[in-house]
Amino acid sequence: MPPFPKPTFEYVVDVKKEIKHIKKYRDTKLGRAIPKSSSTNILIATWNIANFGVQKREAEHYKIIAEMVTWFDVIAIQEVNDNLEGLIALRNELPTKYGCIYTDASGNNERMVYLYNKQKIKLLEEFGEIAVPAEDNTDIKLPGNGSSFSGFSRNPFIGSFRFVNFDFMLANAHSYFGKEDETLSMERRSLEAYAIARWADLKRKSKYSQTTNIIALGDFNMPKVEIGDPIYDALLARGFEMPKHSTEIYSNIKNDKHYDQVVFLPGIKSKITSNGSFDFDGALFPDLYNDKGDIQHRNYVRYYISDHRIKWIEITP
């Protein structure tokens, strides 16, 4: 994806004021509450940070992004560019307790990243990418889908973690997009979603699997959370479940798509105690919104913060 146009106007960011805005919004706005991280829960999030390392953010913006990252114990990040400038700048603003692990660049020159609280979360040994062997490509097929699967644009990034005695595995995904409603693009996205679902199903049935607590999260480029959406159907075709949306908060700041999701295998369902989306754009830079209006405010937010919102779940093992 090419970078968004950089806003041409100047706007002075008061970091302390903006952090107060998002904290108040988080704590008081209906449907936005995010639990505090504690010794009895895990907060897991996913965030596509637009063109991270390409769009030229300023120190103040990294401080705001870092504040929201610190609300979570593990956060999967997508759209981190091969140029690690953005990730390095973010890590410089994070507490030293946050560790980082990432992939090499693949489609669209993107890396997949995990940031995690080293004081609370232990890394286990299994990390890698979901790579479907070429001879299995013909097994990735869906009724009514005329396309053939030939691999991922960006291989989902597997990470295994431990919280106390609870082991879990994440698959950080950023699915192919292509064009908005083009049939071939939708078919390719659907096949990628199904490939992730198939991997998780085979993983949980394998006698060699280290854990069946498997969660896939990220930007699936899913337009709608409903039966009949081809990507939704494909992702849930092999046993994945999706937490019930407590409120209608879309995952993009344009407010019309459910691109970003967290899905899990059934064994985790009883352990998920809350979940949600955090629409930071509803709280940040109110002076800019009042001065320049909705469109200019949105353009500023998508360039300096992101055009995707944060999706999260709380697990209490």
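Listed by first and then second residue, the pairs with beta-carbon distance under 6 Å, at least 6 apart or on different chains, first residue in the range 18-47 and closer than 14 Å to ILE121 by Cβ and among the small types (Gly, Ala, Ser), second modelled with pLDDT of 95 or more and surrounded by 12 or more Cβ atoms within 10 Å (Cβ to Cβ), are SER37/LEU43; SER37/ASP73; ALA45/PHE72; ALA45/ILE75; ALA45/ILE310; ALA45/TRP312.
Being outside any helix (DSSP H, G or I) and over 17 Å from the mean Cα position of the chain (by Cα), is that true of even one residue in the range 188-202? Looking through the range 188-202, none of the residues is outside any helix (DSSP H, G or I) and over 17 Å from the mean Cα position of the chain (by Cα).
Scan the range 244-259 for residues that are of a type outside the set (Val, Ile, Thr) and farther than 22 Å from ASN41 by Cα and jot them down.
Restricting attention to the range 244-259, the residues satisfying the condition of being of a type outside the set (Val, Ile, Thr) are 244-246, 248, 250-252, 254-259.
Scanning the range 244-259 gives GLU248, TYR250, SER251, ASN252, LYS254, ASN255, ASP256, LYS257, HIS258, TYR259.
The residues listed here are ILE272, ILE249; of these, the one that is touching a strand residue (DSSP E or B) at 6+ places or on another chain (Cβ under 8 Å), under 30 Å from VAL12 (Cα atoms) and of a type in the set (Val, Ile, Thr) is ILE249. Within the range 1-42, how many residues are assigned to a helix (DSSP H, G or I) and not hydrophobic (A, V, I, L, M, F, W, C)? Of the residues in that region, 11 qualify.
The set of residues in the range 271-317 that are in a helix (DSSP H, G or I) and among the acidic types (Asp, Glu) comprises ASP281, ASP287, ASP291, ASP294. Number of residues in the range 135-152 that are touching a Gly at 6+ places or on another chain (Cβ under 8 Å) and either surrounded by fewer than 17 Cβ atoms within 10 Å (Cβ to Cβ) or at pLDDT below 95 (or both) equals 1.
The values are calculated or read from the model by the stated rules, or taken from the named source; none is laboratory data. Please read all numbers here as calculations on a predicted model, not as lab measurements. Neighbour counts are summed over all protein chains in view; Cβ atoms, including those assigned to glycine, are modelled from backbone coordinates with ideal geometry.
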